[in-house]
Amino acid sequence: MIMTLEQIKDSVDRGVKTNWKNYMYEVIKGTGERSNDYFVRCIDNDSIIGLTHRDGVTMNGDAEDFYNEDER
């Protein structure tokens, strides 16, 4: 299933574990001043990139590479 940006955000907001490519890359929501932002975090080295480019629309990754862990 190809996930849209809104589906990815909704999944994270509902507490559904959402990944990019594989389990090593999880989609998370920011905290504090960044609480409206979403990120992709590598659990191996804790590096983080934005879920989208600065335009807030273009995803850093292909839509077909995002998935909910419980749906795989």
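Residue-wise test of (1) assigned to a loop (DSSP other than H, G, I, E, B); (2) within 9 Å of the chain's Cα centre (by Cα).
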| position | (1), (2) |
| --- | --- |
| ASN36 | yes, no |
| PHE39 | no, yes |
| ASN45 | yes, no |
| ILE49 | no, no |
| GLY56 | yes, no |
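Residue check: is ASP44 at negative phi, touching a strand residue (DSSP E or B) at 6+ places or on another chain (Cβ under 6 Å) and acidic (Asp, Glu)? Yes: the conditions hold for ASP44.
Looking across segment 29-72 at every residue that is of a type in the set (Lys, Arg) and farther than 13 Å from ILE8 by Cβ, the one that is surrounded by the most Cβ atoms within 10 Å (Cβ to Cβ) is identified as ARG41. When segment 35-45 is filtered for residues that are hydroxyl-bearing (Ser, Thr, Tyr) and at pLDDT below 95, only SER35 remains. Close contacts from segment 1-26, counting a first residue that is of a type in the set (D, E, K, R) and a second that is buried (at least 18 other Cβ atoms within 10 Å of the Cβ), with Cβ to Cβ under 6 Å and a gap of 6+ residues or different chains, come to LYS9/TYR38; GLU26/ASN19.
Checking each residue in segment 17-64 for being among the acidic types (Asp, Glu) and over 16 Å from GLN7 (Cβ atoms) picks out GLU33, ASP37, ASP44, ASP46, ASP55. Checking each residue in segment 22-34 for being in a loop (DSSP other than H, G, I, E, B) and at pLDDT below 95 picks out only THR31. Kindly evaluate VAL16 against the criterion of being part of a loop (DSSP other than H, G, I, E, B), under 13 Å from the mean Cα position of the chain (by Cα) and at pLDDT 95 or above. It is true that VAL16 is part of a loop (DSSP other than H, G, I, E, B), under 13 Å from the mean Cα position of the chain (by Cα) and at pLDDT 95 or above.
The values are calculated or read from the model by the stated rules, or taken from the named source; none is laboratory data. Computed from a prediction, not measured in an experiment: that's the story for all the values here. Note: ideal-geometry Cβ built from the backbone for every residue, glycine included; neighbour counts use all protein chains shown.
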